[in-house]
Amino acid sequence: MTSTAFISHRDCYLHDMGSYHPESPARLSAISDHLIAQGLEAYFVHHEAPLATLEQLARVHPAAHLEHLKRKSPQLGIVHLDPDTAMCPHTWQAALRSAGAGIEAVDLVMRGEVENAFCAVRPPGHHAERENAMGFCFFNNIAVAAAHALAAHGLERVAIVDFDVHHGNGTEDAFRNDPRVLMTSIFQHPFFPYCGADSHADNMLNVPLPAGADSEQFRAVVSEQWLPRLRQFRPQMVLISAGFDAHGEDEMGNMRLTEKDFAWVTDEVRRIAKETAQGRIVSMLEGGYSLSSLARSVAAHLRALADL
């Protein structure tokens with residue numbers, strides 16, 4: 001068994017973009033309820049997410065973006081930044097917790113207190129560009145965590161693995177052509193946010209997959225493209241944008257993965273991390289909107305992280 005931190009915060013439940021929005025507080029409740037029902041809660045080291053500081057966020061997002069979001073934060077009701085992305089009075093605090101969870105996870109892993117960590121947080125982050133909130137995302141949580149690993153802990157090579165059904169355009173925007181960061185991703189294409197397939201940056205291994213892509217296609221990409229590139233890069237830490245909306249039961253996308261695929265890819269990433277990064281992994285929740293498949297997939301991911 002591996003020591004695995006589980007990081008979350010009650011503030012992440014308070015962010016609410018409306019009763020019919022798929023990115024809802026029920027996502028975290030479904031995960032928590034399933035872990036309890038499966039008897040998994042006791043296997044993890046539980047931590048509360050701190051608030052990210054503006055200084056930590058500024059490694060990725062310019063001050064003008066942070067000030068804009070702070071100004072938009074409502075005292076009452078819901079304010080839409082775009083048709084998909086909205087703020088309620090609790091969103092700013094929840095977004096600070098979500099980014100702070102990744103920072104806490106990096107610190108715990110780098111101090112050797114745990115081997116890896118999973119951040120059960122919302123709002124998600126991988127669509128948030130340097131200067132633009134979008135796609136349910138406000139701050140790019142995984143990018144903030146990676147930037148913290150580089151700046152605060154002096155790492156020279158960090159890999160980001162993204163298996164969300166949507167391309168992590170914000171993460172690419174943060175690190176395009178940064179040789180310290182390798183991003184490997186799959187995503188349905190053509191599909192929101194309608195980019196990523198034509199990236200020419202040397203440090204971006206983006207592999208678009210068609211609607212209907214299944215386990216065999218996904219595993220072939222990981223085995224034949226991701227893993228050789230990751231081994232060549234020799235990361236000192238691996239961060240995972242853990243989106244589970246490529247599951248076949250998730251109506252947000254049109255891919256056909258199962259929870260077994262998420263467990264398998266987690267095992268493969270752990271193998272790389274053990275080879276080159278002392279096992280250091282920080283995983284952060286991104287998408288996943290069918291509550292049942294989300295909960296089962298997170299549990300499978302956590303079992304693999306913790307070697308249960």
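So, in segment 60-104, of the ones that are among the basic types (Lys, Arg) and surrounded by fewer than 16 Cβ atoms within 10 Å (Cβ to Cβ), which residue ends up nearest to VAL238 (Cα to Cα)? Break it down into steps so the answer makes sense when it comes.
At the first step, the residues of segment 60-104 found to be among the basic types (Lys, Arg) are 70-72, 97.
Filter again for surrounded by fewer than 16 Cβ atoms within 10 Å (Cβ to Cβ), leaving 70-71.
Working: LYS70: 31, ARG71: 34 Å.
Within segment 60-104, the match that is nearest to VAL238 (Cα to Cα) is LYS70.
So which of ARG256, ARG280 ends up being at negative phi and over 18 Å from the mean Cα position of the chain (by Cα)? Spell out the reasoning first.
Values: ARG280 fails: over 18 Å from the mean Cα position of the chain (by Cα).
Testing whether each residue is at negative phi and over 18 Å from the mean Cα position of the chain (by Cα) leaves just ARG256.
Out of LEU239, LEU305, which single residue is over 14 Å from ILE160 (Cβ atoms), modelled with pLDDT of 95 or more and not charged (D, E, K, R)? Write out each step before concluding.
Details: LEU239 fails: over 14 Å from ILE160 (Cβ atoms).
The match here is LEU305.
Cβ-Cβ below 6 Å, separation at least six or inter-chain, first residue in segment 156-171 and more than 15 Å from ALA242 (Cβ to Cβ), second among the aliphatic types (A, V, I, L, M) and surrounded by 24 or more Cβ atoms within 10 Å (Cβ to Cβ): which pairs?
VAL158/ALA146; VAL158/ALA149; VAL158/VAL181; VAL158/MET237; GLY170/ALA128
Here are HIS68, HIS127: which of them is farther than 17 Å from CYS12 by Cα and touching a Cys at 6+ places or on another chain (Cβ under 6 Å)? It would help to see each step written out before you state the result.
Numbers: HIS68 fails: touching a Cys at 6+ places or on another chain (Cβ under 6 Å).
Residue meeting the stated conditions: HIS127.
Between a residue in segment 54-70 that is in a loop (DSSP other than H, G, I, E, B) and any residue that is among the acidic types (Asp, Glu) and modelled with pLDDT of 95 or more, which pairs come within a Cβ distance under 7 Å, given they are 6 or more apart or on different chains?
Filtered contacts from segment 54-70: PRO62/GLU131.
Given the structure, is ASP16 touching a residue at least 40 places away in the same chain (Cβ under 8 Å), within 18 Å of LEU294 (Cβ to Cβ) and not aromatic (Phe, Trp, Tyr)? I'd like the intermediate steps shown before the answer.
Numbers: touching a residue at least 40 places away in the same chain (Cβ under 8 Å): yes; within 18 Å of LEU294 (Cβ to Cβ): yes; not aromatic (Phe, Trp, Tyr): yes.
Considered against the rule, which asks whether it is touching a residue at least 40 places away in the same chain (Cβ under 8 Å), within 18 Å of LEU294 (Cβ to Cβ) and not aromatic (Phe, Trp, Tyr), ASP16 comes out as yes.
Return only the number of the condition from (1) touching a residue at least 40 places away in the same chain (Cβ under 8 Å); (2) charged (D, E, K, R); (3) touching a helix residue (DSSP H, G or I) at 6+ places or on another chain (Cβ under 9 Å); (4) more than 28 Å from ALA159 (Cα to Cα) that ASP84 does not satisfy.
(3)
Are any residues in segment 80-103 touching a Ser or Thr at 6+ places or on another chain (Cβ under 8 Å) and farther than 24 Å from ILE240 by Cα, and if so, which ones?
MET87, PRO89
On the given criteria, is VAL121 modelled with pLDDT of 95 or more, under 17 Å from the mean Cα position of the chain (by Cα) and part of a helix (DSSP H, G or I)?
No; evaluated as a whole, the condition is false for this residue.
How many residues does segment 287-298 hold that are of a type in the set (A, V, I, L, M, F, W, C) and either touching a Ser or Thr at 6+ places or on another chain (Cβ under 9 Å) or outside any helix (DSSP H, G or I) (or both)?
Of segment 287-298, the ones of a type in the set (A, V, I, L, M, F, W, C) are 291, 294-295, 298.
Pick out the ones that are also either touching a Ser or Thr at 6+ places or on another chain (Cβ under 9 Å) or outside any helix (DSSP H, G or I) (or both) and you get 291, 295.
Residues in segment 287-298 being of a type in the set (A, V, I, L, M, F, W, C) and either touching a Ser or Thr at 6+ places or on another chain (Cβ under 9 Å) or outside any helix (DSSP H, G or I) (or both): 2 in total.
Kindly list the number of the only condition in (1) at pLDDT below 95; (2) charged (D, E, K, R); (3) surrounded by 22 or more Cβ atoms within 10 Å (Cβ to Cβ) that fails for ASP198.
Against the list (1) at pLDDT below 95; (2) charged (D, E, K, R); (3) surrounded by 22 or more Cβ atoms within 10 Å (Cβ to Cβ), ASP198 comes up short only on (3).
May I ask you to list the residues in segment 162-178 that are touching an Asp or Glu at 6+ places or on another chain (Cβ under 9 Å), part of a loop (DSSP other than H, G, I, E, B) and not hydrophobic (A, V, I, L, M, F, W, C)?
Within segment 162-178, ASP164, HIS166, GLY168, ASN177 qualify.
Taking ASN177 as meeting all but one of (1) under 22 Å from PRO62 (Cα atoms); (2) surrounded by 17 or more Cβ atoms within 10 Å (Cβ to Cβ); (3) polar (S, T, N, Q), write down the number of the exception.
The number of the failed condition is (2).
The values are calculated or read from the model by the stated rules, or taken from the named source; none is laboratory data. On a predicted model such as this, the values are computed, not experimentally measured, just so you know. Ideal geometry is used to build each Cβ from the backbone, glycine not excepted, and the neighbour counts take in all protein chains shown.
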